[in-house]
Amino acid sequence: MVMAELVQSIGILSVIFFGLGFLLMIIEVFVPGFGVSGILGIIFLIAGVIVTAKTLLEALILIIIILAILGVLTSILIRSVSKGRLPNKIILSTSISKDEGYIGTNDMQYFLDKVGTTLTVLRPAGTVDFDGVKLDVISEGDFIPKDTLVKVTKVEGRKIVVRQIRN
């Protein structure tokens, strides 16, 4: 009974609001940006509910229908992503490798055997400058004074171990 009244109360304005709302939500998925189309889509969907529903029960039913439709659209999108059917312009296909000079933040092996100057006293931890790059390091157990040359002897993840260079 409520559904029949709800279907009868859908006018041209409701169809326009719902159509624009769903269209803008789809655009939000495929066009990178700040969410303007998604926010406008939500506003149009809410306006469609306000224009169409005459009672709170009708509004609740419309909201459930909208959420179900958005759920179906989301599952179609996820299925498309998993099967590689999305346009190539929204998917990053290039990658940067170590061979091309990229070093990730967790890849500290680059500093192995590098020489730097202590900026603080190492007791055993402190800071060392490696050609302008300041890193927290640990000495091999020795006290190392400030402004001393040190060499990286071991790298374990983000842990860098240094040893004083003896003159």
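Can you put E156, E58, E28 in order of accessible area, largest first, using a 1.4 Å probe? If you can, show how the numbers build up before the last one.
Details: E156 90, E58 5, E28 60 Å².
Ranked list, largest accessible area first: E156, E28, E58.
For V81 and V51, compute 0.36 nm times the residue count separating them, minus their Cα-Cα distance, and round to one decimal in nm.
Stretched fully, the V81-V51 segment lengthens by 7.3 nm.
Can you figure out the FRET efficiency of V115 with D136, using R₀ = 22 Å and their beta-carbon distance, to the nearest 0.05?
On the way: r = 17 Å, r/R0 = 0.77.
The computed FRET efficiency comes out at 0.85.
Rank-order 60-67, 157-164 by packing density, defined as the average count of other C-beta atoms within 10 Å over each peptide's residues, highest first.
Per-residue Cβ counts within 10 Å, averaged per peptide and sorted highest first, yield 157-164, 60-67.
Using a 1.4 angstrom probe and counting only protein chains, how large is the accessible area of D136 in Å², to 10?
Accessible surface of D136 is approximately 120 Å².
The values are calculated or read from the model by the stated rules, or taken from the named source; none is laboratory data. Because the structure is a prediction, the values reported are computed rather than measured. No Cβ is skipped: glycine too gets one built from the backbone with ideal geometry, and neighbour counts run over all protein chains shown. All accessible areas refer to the heavy atoms of the entire protein, side chains included, with ligands and DNA or RNA removed. Shrake-Rupley method; radii C 1.70, N 1.55, O 1.52, S 1.80 Å.
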